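Encoded as structure tokens, the structure appears first; notes follow it.
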Amino acid sequence: MFFLFFLSFLSFADTTPTDEKVVGVFYMTPIFGHIHQSSSRASASLTTIQCAHPVKVIESTKVLVSPEWAYVQVADYKGFILKSFLSEKRPDCLQGKYPKFFDSLNLDLAELYYWGRLHDHFLQGETRVH
């Protein structure tokens, strides 16, 4: 009887293959940043991450991603991050180089969030002024 129950349970289990594939593990390069809900700098933040934090880059057939953004997973969160914020190699970060100094800043979660948002909106590049 238990065997029949078990077989009927298996028939209801989700057996469809996933449409997502991890294409690599990359590392956050700015000191702070966010995993976004959508591929926009102004979109809601799912979580804040620090420099050298590993992120799994995902390829998916169901998620549309603009060329400058990557679809990623960090812990239980799946969202978007600018590709320019990612590196294949673990970067040397302020937190790693000067841990005592960084710890002495005593940044709370709200401050980490705001510094990450600032970096999200900071435009990097060369000036066009001659």
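Throughout, read-outs are computed from the coordinates displayed, never taken from laboratory work. These figures come from a predicted structure and were not determined experimentally. Here the Cβ positions follow ideal geometry from the backbone for every residue, glycine too, while neighbour counts run over all protein chains shown.
Restricting the search to segment 68-77, which residues are closer than 17 Å to Ser43 by Cβ and either touching a Gly at 6+ places or on another chain (Cβ under 7 Å) or not polar (S, T, N, Q) (or both)? Quick ask: steps written out before the conclusion?
Our first condition is that a residue be closer than 17 Å to Ser43 by Cβ; within segment 68-77, this holds for 68-74, 77.
If the condition is that a residue be closer than 17 Å to Ser43 by Cβ and either touching a Gly at 6+ places or on another chain (Cβ under 7 Å) or not polar (S, T, N, Q) (or both), then Glu68, Trp69, Ala70, Tyr71, Val72, Val74, Tyr77 are the ones that fit.
If we keep just the residues of segment 17-45 that are buried (at least 20 other Cβ atoms within 10 Å of the Cβ) and under 10 Å from the mean Cα position of the chain (by Cα), which is nearest to Gly116 (Cα to Cα)?
Gly33
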